1. How about the stretch 110-134: which of its residues are among the charged types (D, E, K, R) and either within 20 Å of I65 (Cβ to Cβ) or surrounded by 15 or more Cβ atoms within 10 Å (Cβ to Cβ) (or both)?
2. In the stretch 159-177, which residues are free of Cβ contacts under 8 Å to residues at least 40 places away in the same chain and either on the phi < 0 side of the Ramachandran plot or not small (G, A, S) (or both)?
3. Do you know which of the residues in the stretch 163-186 that are surrounded by fewer than 20 Cβ atoms within 10 Å (Cβ to Cβ), of a type outside the set (D, E) and within 19 Å of Q142 (Cβ to Cβ) is farthest from the chain's Cα centre (by Cα)?
4. Just checking, how many residues over the stretch 183-200 are in contact (Cβ under 8 Å) with a residue 12 or more places away in the chain and over 19 Å from D31 (Cβ atoms)?
5. Consider D31 carefully, then state whether it is charged (D, E, K, R) and farther than 12 Å from I61 by Cβ.
6. Would you pick out the residues in the stretch 138-148 that are surrounded by fewer than 15 Cβ atoms within 10 Å (Cβ to Cβ), out of contact with any Pro (no Cβ under 8 Å at 6 or more places or on another chain) and under 15 Å from A185 (Cβ atoms)?
7. Condition first: more than 16 Å from P5 (Cβ to Cβ), without any contact (Cβ under 8 Å) to a residue 12 or more places away in the chain and not in a helix (DSSP H, G or I). Now tell me which residues in the stretch 23-72 satisfy that.
8. Would you please name the residue that is surrounded by the most Cβ atoms within 10 Å (Cβ to Cβ), looking only at residues in the stretch 81-94 that are over 24 Å from E136 (Cβ atoms) and without any contact (Cβ under 8 Å) to a residue 40 or more places away in the chain?
Amino acid sequence: MRITPSILSADFANLQRDIERIPSSDALHIDVMDNHFVPNLTLGLPVVEAIRAITQHMLDIHLMIADPDRWAPAYAEAGAESVSFHVEAAHAPIRLARELRALGARASLGLKPATPIEPYLDILGEFDQILIMTVEPGFGGQRFLDAMLPKIRRTREAIAARGTDIWIQVDGGVSESTIDQCIEAGADTFVAGSAVFGAEEPDAMVQALRAHGDKFGRCAH
């Protein structure tokens, strides 16, 4: 079980400070938005390169952009260990996943809430992670959509049937009150933004969220 705090909820004027406040996190989740695929504009490649220079944390990039086929490889080249792109935006998802893997990054396929997993079951093996959005992408601090739990469960069943090690990441509204449902449904990697950076002790919250996995015997930090 992995906890990957979203720096979208960090203090952008003090990013290094906030990154250093979560030493026990498994990765830094970095949301890249272009105001086209989603109605918000955040940070891009130069900021990711700056973050790479000041931390040894795994960088987990989440591209919410209109043309990932063009831009995603640059994030792998910048040193990101994992790059998620959305199937709704990608023109050639298999080719892009293979390009990311060739550059040494984990390839992750993102699905918006209304996008079913079923059309992509035959190509699951092309990916290292499936990112299931549990809010509409674009803004942090939204309420968890429990209607996504069956999709998480079906994705886990499909992965188990293949016998492959593909992570299932959930992103959106993850907190101590929602994480158990996600774990039970089969998720093992969790993006938490406001729950972590809104806590008085962010790293204590990272550890508290991870501790929920102990109840299910799935904590593998």
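The values are calculated or read from the model by the stated rules, or taken from the named source; none is laboratory data. In this text the structure is predicted, and so the values were computed from the model without any measurement. Cβ coordinates were reconstructed from backbone atoms using ideal geometry, including for glycine residues, and neighbour counts include every protein chain displayed.
1. Step one: of the stretch 110-134, the residues among the charged types (D, E, K, R) are 112, 118, 122, 126, 128.
Correct list: K112, E126, D128.
2. Let us first name the residues in the stretch 159-177 that are free of Cβ contacts under 8 Å to residues at least 40 places away in the same chain, namely 159-163, 165, 168, 170, 172-173, 175-177.
Matches in the stretch 159-177: I159, A160, A161, R162, D165, I168, V170, S175, E176, S177.
3. Among residues in the stretch 163-186 that are surrounded by fewer than 20 Cβ atoms within 10 Å (Cβ to Cβ), of a type outside the set (D, E) and within 19 Å of Q142 (Cβ to Cβ), the one farthest from the chain's Cα centre (by Cα) is S177.
4. Counting residues in the stretch 183-200 that are in contact (Cβ under 8 Å) with a residue 12 or more places away in the chain and over 19 Å from D31 (Cβ atoms) gives 5.
5. Values: charged (D, E, K, R): yes; farther than 12 Å from I61 by Cβ: no.
No.
6. D146
7. N35, L41
8. Here is the first cut: in the stretch 81-94, the ones over 24 Å from E136 (Cβ atoms) are 81, 92, 94.
Cutting the leftovers down to without any contact (Cβ under 8 Å) to a residue 40 or more places away in the chain gives us 92, 94.
Details: A92: 11, I94: 13.
Per the criteria, the residue is I94.
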